[in-house]
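Before any comments, here is the structure.
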2 protein chains.
Amino acid sequence: MGSKKYSIGIDFGTESGRTVLVDVATGEEVATSVYEYKDGVIDELLPHTNIKLDPDFALQNPADYIETIKVTIPAVLRESGVDPEDVIGLGTDFTACTMMPIDKEGTPLCMKEEWRNNPHAWVKIWKHHAAQPEANRLNEIARQRGEEFLSRYGGKISSEWLFPKIWQILDEAPEIYEASDRFIEGADWIVLQLVGQEKRNLCTAGYKAIWEKSTGYPSDDFFAALDPRLRHVVDDKLSREIYPLGERAGGLTRQMAEWTGLREATAVSIGNVDAHVSVPACTVTTPGRMVMIMGTSICHMVLGNEKKIVEGMCGVVEDGIIPGYFGFEAGQSCVGDHFAWLVERATPPEYHEEAKKRGWDLHQLLEERATKLKPGESGLLALDWWNGNRSILVDVDLTGMLLGATLATRAEEIYRALIEATAYGTRIIIETFEKSGVAVDELVACGGLPEKNKLLMQIYSDVTGREIRVAASSQTPALGSAMHGAVAAGKDAGGYESVFEAAKQMAHLKAEIYRPIPEHQAVYERLYREYLRLHDYFGRGENDVMKVLKRVKVEALRGKR
Amino acid sequence: MGSKKYSIGIDFGTESGRTVLVDVATGEEVATSVYEYKDGVIDELLPHTNIKLDPDFALQNPADYIETIKVTIPAVLRESGVDPEDVIGLGTDFTACTMMPIDKEGTPLCMKEEWRNNPHAWVKIWKHHAAQPEANRLNEIARQRGEEFLSRYGGKISSEWLFPKIWQILDEAPEIYEASDRFIEGADWIVLQLVGQEKRNLCTAGYKAIWEKSTGYPSDDFFAALDPRLRHVVDDKLSREIYPLGERAGGLTRQMAEWTGLREATAVSIGNVDAHVSVPACTVTTPGRMVMIMGTSICHMVLGNEKKIVEGMCGVVEDGIIPGYFGFEAGQSCVGDHFAWLVERATPPEYHEEAKKRGWDLHQLLEERATKLKPGESGLLALDWWNGNRSILVDVDLTGMLLGATLATRAEEIYRALIEATAYGTRIIIETFEKSGVAVDELVACGGLPEKNKLLMQIYSDVTGREIRVAASSQTPALGSAMHGAVAAGKDAGGYESVFEAAKQMAHLKAEIYRPIPEHQAVYERLYREYLRLHDYFGRGENDVMKVLKRVKVEALRGKR
């Protein structure tokens, strides 16, 4: 021993896999390698075929995950010059629910000649939305039966989650359902590949498969009520053995050691989910501080000592983020996406030209101009529902609203109003947690947005009245995975006994702190009250105009075909 | 006699004056000439000075009016080759309220050395909005006193009208108030110049100066309640002699004959207002058909047999449009301006490039794309209040709203939603008239928009459920003025006895008729109900968020200075 120890984290994302090699003692990210998936997100044609996918399908090729491992681990070893003997652990995280049917040997059906041409044999990734009819039926039946689990998920099981996806396979491709030995999350499949054993993780089970520590899965009767053929879906196609986060799943197989250059039997941790594994990488391992993973959307993660039912949260899972705590998740479906919409769809040419002249991104220009505006100066107020509302209304049929426009309204004013609207949305989430007894004293941000947009961070601080700190790492999921790898390795091998200790040494925040500016807070207090009133008016059924418009739209499009 | 007879109409607009020479027998427009005002709208610096104007000032130079006459009448005579002996009459119309202080001889104070550097000596045109404080006080006092006249003007006297403007002069430049012998509308000043006699017209008196045929002006007590110095404003600074439309004001002076090339003593009609004089030029001289003058805004004009109080109308004036009828006026403050906002402020570069490639106006491209959408397909609904709401809410503090936006929302969808919103606004006006007993069976459109945008016309027909016809002339104000010139000349001179006869011969509609499409009507019926609900929710005080936002905005801007 004596020499420095390292851990590797791999973050399997939507378009690529990202691997980081980290100094276990300090969390320093020594080397990084990214592999862009060759088949990316498959949403038009099945690879190497002319088979067209139905709308809302979003698939991946599991070969891309293996390729990520084969390419990026050798790359970080090479780049860093680290001796593989000093790499004590390996952790992984995945998007979720990202699921696939596999055979007895763990081979995805899509990799088998006979099933290759069936879209349902492939990996359905998180944003596969084609199981909405099944999700709707599932929710209705669960409501009718008074299933208690609904309250743990904001009253609704998302079409993105495991059982709607399985049910869609049964509905549309019963032969695939039949042929599959098991359905498995990508998060667990990749661990199965790494260590040769299936060890299903608690995080996806809890947040995506309606499992909880004390009661397990929903009853067989519930599944039978969905479809008699689903009565034994858990025992037939899943597993009731669920493993806690941070545990050692096993040691790296010889095959994997050959492919990667790592030592055989290197400790590999139980699988994890990108958002959840980011929490300890943001230094958060205890209640009171909410982590916001800010990108195209926002995930809000916070820990609590007790199980609480919080309106419109995405889920509460015991041990789901950090062992010993209830992990609460909420979310906003459209944040960075909002600003991108404005930039792409509603910003006139002179802004594009000006940005180009300065060698800037258009977001940068809009941010610079919006920064010159005072809170309230635009006269605008928006409802940030361009992509529906996840928390706390859990309603995909809500749509965006902009109010207060005049003939003088300019793009940077709309830009600022959209930022403010998403900040109000976050404040509602925070207040809903606090009302339910889950404390949110401070905010820690990570993801792409905080580094790109200081104005946004200041507005979030002003609107929520809370200090915000930012994670030091720009790749918190991969760092979090490496931390879990170090925990799987254990203290004796030079790693850590728990994620708490790992976080203390390996996770860091930037020095910069965003603090609420009192004059801004006072203005936003008034505007927030107006937002709240419109939020409830349009979002809670008093005026269902958004839904009427959606219905009329669907009918208009149907008439057009 | 025997040879063809002609009449000249001059339309004094906001940026230019337009003169048309018309065949009296057929209405054929034989020649047209436009003079762009040298000083245009003066809203930054007083001409030839460094004197900066306060915000919301909008002035003109009366020298531009004289220049219009000197340039355009010779031009149309030259172009047509018509013998001045065959020009039997001359009519004029003006924007209103467009007013100025003059001395005993009728010379505008701004043309006098001693007053030239005082902004209040100049012509305040219709869109001079700096008298808003005076308008607010006037309305409050009128309400407190229970002045009956308020009900004739939708409950509010506009800051654009005569008495707020006079009062602003008294407030801010009492020396100008003192020095002025009279205040006069541009419509009457130009007639004074043409015939050498002051003959104030009934139209501006009725619609802009709170005058009515049966009761005259408000009482001296009312004016004294505004300011003791205003007690005798009518007798001191105006006149109680009001002349009906279509009458002969007098004959052309020798000086004017010299300048124009017309015969001395050519009949000149009483002054008129651009929107009002357009009504007979649209063939409308009886109740039942509403004229819509469609441009940056819409003026809605309709005739009735009885005085009715209609919510939110701009005014009802007996004989105010056509002798023998009550003339009703309503309006939407922002129509073409809406679309211009979208084009200039919220349409991305690729649309501009595509339009350029096709050699099109961007409006054309958006119209073409919006035409491909079905009613309801965009999923959008807007409140057309980017510039406040004139009728029926009479509230400049209302602001625009767009609802139903998604990440897929495109510019042409917003374009169509804005058109639809203005159509709903027109439908509310129509229904409000009908509820009050003023029939609106059919619509006749004129102005710039109907010729440019067929989609808009079809949507207005679909939304209102009414047939729409379009005036044959693209310059209805000038044509209407020429018609009044022919009436002033009289039948014996080859003209007409009344505007009714003139309209029968000289005014025409295009053959094309827009008819409601039943399937579209059905969809718009549903959307209109939603519009109506939001209109009342935001417009009638249930949710005052637009006003709160305006207050916060004003405070933010104040804090910034």
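The values are calculated or read from the model by the stated rules, or taken from the named source; none is laboratory data. Since the structure is predicted, the reported quantities are computational estimates derived from the model, not experimental observations. Every residue, glycine as well, gets a Cβ built from its backbone with ideal geometry; the counts of neighbours run over all protein chains shown. SASA here: full protein model, heavy atoms, side chains in, ligands and nucleic acids out. Shrake-Rupley method; radii C 1.70, N 1.55, O 1.52, S 1.80 Å.
Observations on the structure shown:
- Semi-axes of the equivalent ellipsoid of segment B:428-561 are 39, 24, 15 Å, computed as sqrt(5λ) over the eigenvalues of the C-alpha gyration tensor in descending order.
- Cα-based shape type of chain A, given that a ≥ b ≥ c are square roots of the gyration tensor eigenvalues and the cut on a/c is 1.5: oblate
- Counting only protein chain heavy atoms and rolling a 1.4 Å probe, the accessible areas of B:LYS553, A:LYS237, B:LYS70, A:LYS560 rank, largest first, as A:LYS560, B:LYS70, B:LYS553, A:LYS237.
- Placing a label point 7 Å from the Cα of B:ASP181 along the Cα-to-Cβ direction, the residues of segment B:91-107 whose backbone N falls under 18 Å of that point are B:100-107.
- Kirkwood radius for segment A:311-454, taken over all pairs of different Cα atoms as the inverse mean of 1/r, rounds to 16.8 Å.
- Across all directions, the shadow cast by the convex hull of segment B:238-294 built on its C-alpha atoms averages 6.3 square nanometres.
- For q = 0.22 Å⁻¹, Debye-computed log10 I/I(0) when each Cα of segment A:104-186 counts as one equal scatterer: -1.02
- Between B:LYS38 and B:LYS4, the FRET efficiency from the beta-carbon distance, with R0 = 35 Å, is close to 0.55.
- Considering only Cα atoms, the convex hull volume of the protein assembly as shown works out to 185 Å³ per residue.
- Relative packing of A:193-200, A:135-142, B:264-271, which averages over residues the other C-beta atoms within 10 Å, highest first: B:264-271, A:193-200, A:135-142
- The translational diffusion coefficient of segment B:1-142, from Stokes-Einstein at 37 °C and 0.692 mPa s with a Kirkwood hydrodynamic radius over alpha carbon pairs, comes to 192 µm²/s.
- Between segment A:154-189 and segment B:483-532, the Cα center-to-center distance that results, in Å: 65 Å
- Using only side-chain charges placed at the Cβ, +1 for Lys and Arg and -1 for Asp and Glu, the dipole size of chain B relative to its Cα centre rounds to 920 debye.
- Taking the convex hull of Cα positions in segment B:262-343, its mean projected area over all directions (nm²): 7.7 nm²
- Dipole of the protein assembly as shown computed with +1 at Lys/Arg Cβ and -1 at Asp/Glu Cβ about the Cα centre; of A:ALA179, A:ALA121, A:ILE429, farthest Cα towards the positive end is A:ILE429.
- Partners for A:LYS452 among lysines (Cα-Cα distance below 16 Å; same-chain residues under 8 apart left out): A:LYS510
- Radius of gyration (Cα atoms) of segment B:31-115, expressed as a multiple of 2.2 N^0.38 Å: 1.36.
- Each Lys and Arg Cβ is given +1 and each Asp and Glu Cβ -1; about its Cα centre, the protein assembly as shown then shows a dipole of about 560 debye.
- Computed label-point distance, nm, for sites A:ILE517 and A:ALA340 using a 7 Å Cα→Cβ extension: 2.9 nm
- Between this copy and the others, label points of A:ILE513 are 7.6 nm apart in ascending order, each placed 7 angstrom from Cα in the Cβ direction.
- Largest first, the extents of the alpha carbon coordinates of segment B:404-455 on the three principal axes equal 45, 26, 12 Å.
- Gyration tensor verdict on segment B:436-502 (Cα atoms; rounded if a/c is under 1.5, prolate if a/b is larger than b/c, oblate otherwise): oblate
- The convex hull of the Cα atoms of segment B:234-389, projected and averaged over all directions, covers 15.8 nm².
- Scanning residues 5 or more positions from B:SER16 or on other chains, those with amide H under 5 Å from its amide H are B:TYR37, with H placed 1.01 Å from N in the peptide plane.
- Partners for B:LYS435 among aspartates and glutamates (Cα-Cα distance below 16 Å; same-chain residues under 8 apart left out): B:GLU306, B:GLU311, B:GLU329
- ³J(HN,Hα) computed for each position of segment A:82-89 - Karplus, 6.51 cos²θ - 1.76 cosθ + 1.60, integer Hz, glycine/proline x: 6, 6, x, 5, 8, 8, 8, x
- The per residue volume of the convex hull around the alpha-carbon atoms of segment A:66-212 is 136 Å³.
- Per-residue shielding of B:547-557, expressed as the average number of other chain Cβ atoms within 10 Å of the residue Cβ, stands at 6.
- Using a cut-off of 19 Å between Cα atoms, the listed pairs A:LYS127/A:LYS454; A:LYS124/A:LYS237; B:LYS4/B:LYS491 include A:LYS127/A:LYS454 as exceeding that distance.
- Computed about the Cα centre, the dipole magnitude for segment A:99-221 is approximately 520 debye when only Lys and Arg (+1) and Asp and Glu (-1) carry charge, each at its Cβ.
- Here's the picture: charge each Lys and Arg Cβ at +1 and each Asp and Glu Cβ at -1 in segment A:452-561, and of A:ALA489, A:VAL470, A:TYR531 the one pushed furthest to the positive end of that dipole is A:TYR531.
- Among beta bridges that DSSP assigns inside chain A, antiparallel share in %, nearest 5: 70 percent
- Segment A:310-351 - convex hull of alpha carbons, volume per residue in Å³: 87 Å³
- Exposure check, 1.4 Å probe, all protein chains in place: A:GLU451 carries approximately 90 Å² of accessible surface.
- Note on segment B:162-223: along the principal axes its Cα atoms extend 32, 29, 15 Å, ordered by decreasing extent.
- Dipole of segment A:19-167 [Lys/Arg +1, Asp/Glu -1 at C-beta], most positive-end residue of A:PRO164, A:CYS97, A:PRO62: A:PRO164
- Shielding of B:375-384 by partner chains, average beta-carbon count, 10 Å: 5
- Over segment B:466-536 - Rg/Rh using Cα atoms and the Kirkwood inverse-distance radius: 1.28
- Average beta-carbon neighbours from other chains, 10 Å sphere, peptide B:514-527: 1
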